[in-house]
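In what follows, a single structure is set out as structure tokens and then discussed.
The values are calculated or read from the model by the stated rules, or taken from the named source; none is laboratory data. Everything quoted here is computed from the prediction, not taken from an experiment. Ideal geometry is used to build each Cβ from the backbone, glycine not excepted, and the neighbour counts take in all protein chains shown. The protein model used for the area step is the full one, side chains on, heavy atoms only, and it has no ligands, DNA or RNA in it. Shrake-Rupley method; radii C 1.70, N 1.55, O 1.52, S 1.80 Å.
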Amino acid sequence: QVQLVESGGGLVQAGGSLRLSCVASGSIFRINRMAWYRQGPGKQRELVARIDYGGGTDYADSVKGRFTISRNNAKNTVYLQMNSLLPEDTAVYYCWAVVFSDYWGQGTQVTVSA
């Protein structure tokens, strides 16, 4: 079993920044891919950014140039640096990881006020 624990969410004004962290623990040999998803009010869960073991990244068009995903493989941790936040970034942000199976964190709330 693998557990994912997110932290770093909160309330911020538009234009501000937040940094999310997600630490994986449990039966881990290697985490091939990690990602951040989000689910806004009344919306479906969507991919925000993902990163593979070697550092290759993909981003949703809506966050390109504003968000940066990174990871520390030695610490089994993935980060999401969010800059120039917009009210439409308000959502619950979920960490996701693949270790033979898919695992999800419990989510952390990000609220951006206008």
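Annotation: D89 fulfils all but one of (1) among the charged types (D, E, K, R); (2) more than 18 Å from G16 (Cβ to Cβ); (3) open to solvent by less than 50 Å² (accessible area, probe 1.4 Å); the unmet one is (2). Summed over the range 19-49, residues that are open to solvent by 60 Å² or more (accessible area, probe 1.4 Å), more than 13 Å from Y79 (Cβ to Cβ) and either touching a residue at least 24 places away in the same chain (Cβ under 8 Å) or not in a strand (DSSP E or B) (or both) total 11. Of the residues examined, L86 is one that is closer than 17 Å to T111 by Cα and either among the aliphatic types (A, V, I, L, M) or in contact with a Cys (Cβ under 9 Å, 6 or more places away or on another chain) (or both). Somewhere in the range 55-69, is a residue under 23 Å from Q1 (Cα atoms) and in a strand (DSSP E or B)? There is no residue in the range 55-69 that is under 23 Å from Q1 (Cα atoms) and in a strand (DSSP E or B). Please tell me if L80 is under 10 Å from the mean Cα position of the chain (by Cα) and either in a loop (DSSP other than H, G, I, E, B) or exposed (fewer than 15 other Cβ atoms within 10 Å of the Cβ) (or both). Taking the combined requirement at face value, the residue does not satisfy it. Any residue that is surrounded by 13 or more Cβ atoms within 10 Å (Cβ to Cβ), out of contact with any helix residue (DSSP H, G or I) (no Cβ under 6 Å at 6 or more places or on another chain) and of a type in the set (S, T, Y) - is there at least one of those in the range 66-76? Looking for residues that are surrounded by 13 or more Cβ atoms within 10 Å (Cβ to Cβ), out of contact with any helix residue (DSSP H, G or I) (no Cβ under 6 Å at 6 or more places or on another chain) and of a type in the set (S, T, Y), one finds at least one in the range 66-76, hence yes.
Checked against (1) on the phi > 0 side of the Ramachandran plot; (2) touching a Gly at 6+ places or on another chain (Cβ under 7 Å); (3) not basic (K, R), G26 passes all but condition (2).
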